[in-house]
């Protein structure tokens, strides 16, 4: 089976993804860096102005010359205002950079998840997907929020102090730079060790989310079967794993801070002793040593800040890695590179011809569901497919709706392979209504309009009326404008199926597939749907899969499936009159009616 | 298609401090550790101050006097103090590592446990995305807040107080100059805090809405696929994501402005102090040394003061997160057994077997006032061991009615008795032990097929499992890759609707419950399988009191009698044939009005 390949993730996928997100903002990043540089200059000017005031302004004032003092006052005020305003602009600009990147990332994730095939969704689980789009994006947000400032701050301060040290005394400066060797070993070791834990924590969080959403979405059976205690015990195990991840991260951080501080302080002590010896030997001025020692101390100040940057970087990297892996997955049912348009429909015929050409299909390698299928559905034909559970009826429908591609062979719509149609063209051609009738947040009208975005209220109501859903909808508190989520649990399964039908009617496809779409309707509801279908399906190609043979009455042709093969094929009356499986089924069904 | 933020509107006039104080019960078990860590932080900060002194001593003393032995001593001292400093920094983190992670985990576990016990009507109203964002991003904020901002708010606050005391002691007039911006700063902080809090709340709610949209687009993927990528959904997502970006930018603008003010005002004061100080020095009123000391202290306070801006912002966001968390936690779970005001008029009902509903009314708690209740006076008696079918038009309230029996919803009036016991008089867990339910929409959990079935009973074994699978005609389970140990549910093998329905049915019958509630349990089965299930079910139903929601004659025939639900009442009870011939509504429900459009 065309399993979604777990995309190839290159080693530095996280960095590549981040780069691609920030690429459009390259100019802004540079401007932000410049702003931060200026802002730091304005901040650092303070002490210099103090020194200037004491050394020059005081004597000048004594000489009754207020000029230098005025200059200091103006300079200080200017620096104060400048540093504040630059900070303001920087914060806004970096927020802009970060938020643009996040918007892009969220959109990419969402669009990508939507483009991936149904089989991917069946495997990946909704909880994990939600984790990728929420908590993983959140950790990237944290990096983008403060990361830039942290990283630039650290770099600037290290550069500035190193330069000062080298200027003061090349020997001490060189020694200080050498100390970066063991420090970088520590940083690297911290990154390596914490990356493992961050990855583990991100998976643990996803597991927590999976359990959480599963419980909340299935709250009725959870409560009815008293799963609360068992769930709590299971949740506690998952929660504990996440806790362990969090705790170990803090401990890794502790390890890094302790070891790097130790190195820093040891270097400091060594340089002091070495410097003292050189002072004793007269090679070094005492003042220079004193200044150098003070600067050295500041050289190592950003160790903690670097740590916190590394923290958010690692956390974001683990998330980026997982998101990159998701984005690298290719849909197993890809959009064609060069879509072929459908030929114009023959005048007066809204239907299209469907051909299954040597189609074989297996969900999992080795377990073939459809051995080999050759089948032609004539344009405008209503075909009922019957057979017991597992006969391959739904698989047939899914292949026709292109939820999956056949393992072998092709499915053609008016001679064009489905795989050569663009997504939009495909959905104008083929629409499937299933028995699961999920309603999205929004109004009833919104939910019907999914069939044809941009449909007017009249068109929506016409579709609802045609299917017999109009009455129950108008009886809702706000009619078509009733928010289904507020009463989501209160629109019954049968009513939801009606909404699903109205949606399909509105979509107005050439080929309509109904997969058990009336299972929850009561008999009058089903009859109403059938009456509507008789007119709506007229001329359209329709594939109706139903357990209730009443639906079959409107069919022109019946296919009986068994073990993935078509064992009977004919008009309903032919088959009923015969002695085959359908005749038996039909008899059993007639008996069940009374 | 925006989410329902109505349910999550922030309460006006909240106080950040009050919100944060509510975290105390969760912090309490670890408060000693936190306090110890704070002490260690203070000690480490003090040691950090000792290091410059040690440096000064070494430079001024042994080095200046060129005493080699003293130099070594100084070096050793530096190394010792440095090691102690490093150790304390590490100790602080080691102390809080597990406790803080524990606070987050405890709060999450409490939320999960609480949500599981909230009634179904609560879950109907709250999108699970909103609940999820409270259990994840909001709690992460709380942990981060406890780890850093809280400590630094205290430490930096203390530093500022001590710093200003020193400044005032050094030179009180200049000190007052520095204190001047405090009043406008506090006012401005308050001004921004209020706006920032509101923006933070909106942003966090937006994240919840976004989570909901993502969740729905994933859960409804087959519809999205079946109709092509839906532009309206993408637009909804786009609008929300862009809205979130807008709010985050607004937050950044507020934070930037606050930060700018916090930088500019104190710096201007320092500048003024510098000018005034310089004049005083020139006048000889002040020594240069004092001015230098004064200004270096003032400059040293720069970072603590500036940090207040983002620390306050983080504090605010945490307060908002706490609000959102407690909003859910404050929703009281229904009491285990409610003392009913209308006590049973018990004389006739004692020893009265079966399932009895008397004057049962139900109205959704959030139904707009004035709308009629869904159920208005349902009277129904199912004799012990009898099977009753419940029939009614789509949307007549059948599912609502059956959900009242295991108290997934609470009847708003009237009473329901099981073998004479009022359902509100027993704890829910016992009640749900008596009553087993198969839902219209069969939900399987991430567990093995066997476990999914066995969760219907407390002490069922392999034999019961086989029996239940046989009743539900779920023999396909044995053909799964690993038999009944095959993982199903979201994280396992995906089964067809009919297969899931049969497992859900097996789950309902596995424990041989006293009362069985089946909500349209055979809708997804083909005729052949349905007939087999019905035959097997008959044996189970023979000695079980059961209520079966039915849409079709075949299902109705499982029952001894049928009840018709119409306009919120039971309007007819009788056998299938009696009603078919005597009740027009029933007849049309079971066969459809022939010929009429």
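The values are calculated or read from the model by the stated rules, or taken from the named source; none is laboratory data. None of the values given here were measured: they were computed from a predicted structure. Cβ sites come from the backbone with ideal geometry, for glycine too, and all protein chains shown count toward neighbours.
Residues that are farther than 22 Å from residue B:319 by Cα and more than 8 Å from chain A (Cβ to nearest Cβ) within region B:122-142 comprise just one, B:122. Considering region B:363-383, and only residues there that are closer than 21 Å to residue B:119 by Cβ and without any contact (Cβ under 8 Å) to a residue 40 or more places away in the chain, the residue that is farthest from the other protein chains (Cβ to nearest Cβ) turns out to be B:369. The one condition from (1) surrounded by fewer than 20 Cβ atoms within 10 Å (Cβ to Cβ); (2) farther than 30 Å from residue A:206 by Cα; (3) in contact (Cβ under 8 Å) with a residue 12 or more places away in the chain that residue A:260 does not meet is (1). Looking across region B:536-564, the residues that are within 12 Å of chain A (Cβ to nearest Cβ) and either modelled with pLDDT under 90 or assigned to a loop (DSSP other than H, G, I, E, B) (or both) come down to B:550, B:551, B:552, B:553, B:554, B:555, B:556, B:557, B:558.
Taken together, B:17, B:71, B:42 contain a single residue that is at pLDDT 75 or above, away from chain A (no Cβ under 14 Å) and over 34 Å from the mean Cα position of the chain (by Cα), which is B:42. Set side by side, the residues B:105, B:110 differ, and just one is more than 9 Å from chain A (Cβ to nearest Cβ) and under 30 Å from residue B:432 (Cβ atoms), which is B:110. Checking each residue in region A:340-361 for being closer than 24 Å to residue A:567 by Cβ and surrounded by fewer than 19 Cβ atoms within 10 Å (Cβ to Cβ) picks out A:355, A:357, A:358, A:360. In the condition set (1) crowded, with 18+ Cβ neighbours inside 10 Å; (2) under 27 Å from residue B:384 (Cβ atoms), residue B:459 is compliant with all but (1).
Checking A:383, A:293, A:333 one by one, the residue that is buried (at least 19 other Cβ atoms within 10 Å of the Cβ) and free of Cβ contacts under 8 Å to residues at least 60 places away in the same chain is A:293 and no other.
Of all residues in region B:490-517, those that are more than 12 Å from residue B:471 (Cβ to Cβ) and outside any loop (DSSP other than H, G, I, E, B) total 9. The criterion of at least 3 residues that are at the interface with another protein chain (Cβ under 9 Å from one of its Cβ atoms) and out of contact with any strand residue (DSSP E or B) (no Cβ under 7 Å at 6 or more places or on another chain) is met, among helices (runs of 4 or more DSSP H) falling completely within region A:97-199, by A:118-124, A:126-131, A:137-168. Out of all the residues in region A:394-409, is one or more assigned by TED's automatic domain parsing to the domain that holds residue A:566, in contact (Cβ under 8 Å) with a residue 24 or more places away in the chain and out of contact with any strand residue (DSSP E or B) (no Cβ under 9 Å at 6 or more places or on another chain)? So far as region A:394-409 goes, no, none of its residues is assigned by TED's automatic domain parsing to the domain that holds residue A:566, in contact (Cβ under 8 Å) with a residue 24 or more places away in the chain and out of contact with any strand residue (DSSP E or B) (no Cβ under 9 Å at 6 or more places or on another chain). The condition of being surrounded by fewer than 18 Cβ atoms within 10 Å (Cβ to Cβ) and in a helix (DSSP H, G or I) holds for only one of A:527, A:531, that being A:531.
When the residues of region A:415-437 are filtered to those that are free of Cβ contacts under 8 Å to residues at least 40 places away in the same chain, within 12 Å of another protein chain (Cβ to nearest Cβ) and touching a helix residue (DSSP H, G or I) at 6+ places or on another chain (Cβ under 7 Å), the one that is farthest from residue A:499 (Cα to Cα) is A:426.
Screening the candidates A:139, A:126, A:117 for the property of being closer than 27 Å to residue B:313 by Cβ and either within 20 Å of the chain's Cα centre (by Cα) or surrounded by 19 or more Cβ atoms within 10 Å (Cβ to Cβ) (or both) yields one hit, A:139.
For the criterion of being outside the structural domain of residue B:45 (by TED's automatic domain parsing) and closer than 21 Å to residue A:113 by Cα, residue B:214 passes. With respect to the stated conditions, residue B:299 is at the interface with chain A (Cβ under 10 Å from one of its Cβ atoms) and out of contact with any helix residue (DSSP H, G or I) (no Cβ under 6 Å at 6 or more places or on another chain). When we screen B:237, B:294 for residues that are surrounded by 18 or more Cβ atoms within 10 Å (Cβ to Cβ), more than 25 Å from residue B:189 (Cβ to Cβ) and more than 7 Å from chain A (Cβ to nearest Cβ), the only hit is B:294.
The criterion of at least 3 residues that are at negative phi and crowded, with 21+ Cβ neighbours inside 10 Å is met, among helices (runs of 4 or more DSSP H) falling completely within region A:444-511, by A:444-449, A:457-467, A:493-507. Taken over region A:544-584, the residue count meeting the criterion of being farther than 30 Å from residue B:587 by Cα and within 42 Å of the chain's Cα centre (by Cα) is 8.
When A:178, A:159 are checked against the criterion of being surrounded by fewer than 18 Cβ atoms within 10 Å (Cβ to Cβ), in the same structural domain as residue A:291 (by TED's automatic domain parsing) and more than 25 Å from residue A:320 (Cβ to Cβ), A:178 stands alone in meeting it.
If the condition is being touching a helix residue (DSSP H, G or I) at 6+ places or on another chain (Cβ under 6 Å) and free of Cβ contacts under 8 Å to residues at least 60 places away in the same chain, then region B:531-553 contributes only B:553. Here residue B:591 meets the list (1) surrounded by 20 or more Cβ atoms within 10 Å (Cβ to Cβ); (2) farther than 30 Å from residue B:413 by Cα; (3) within 12 Å of chain A (Cβ to nearest Cβ) almost entirely, failing just condition (1).
Looking at A:205, A:216, just one residue is in contact (Cβ under 8 Å) with a residue 60 or more places away in the chain, under 30 Å from residue B:126 (Cβ atoms) and within 14 Å of another protein chain (Cβ to nearest Cβ), and that residue is A:205. Among the residues of region A:235-249, is there at least one that is in contact with a strand residue (DSSP E or B) (Cβ under 7 Å, 6 or more places away or on another chain) and without any contact (Cβ under 8 Å) to a residue 24 or more places away in the chain? No, that holds for no residue.
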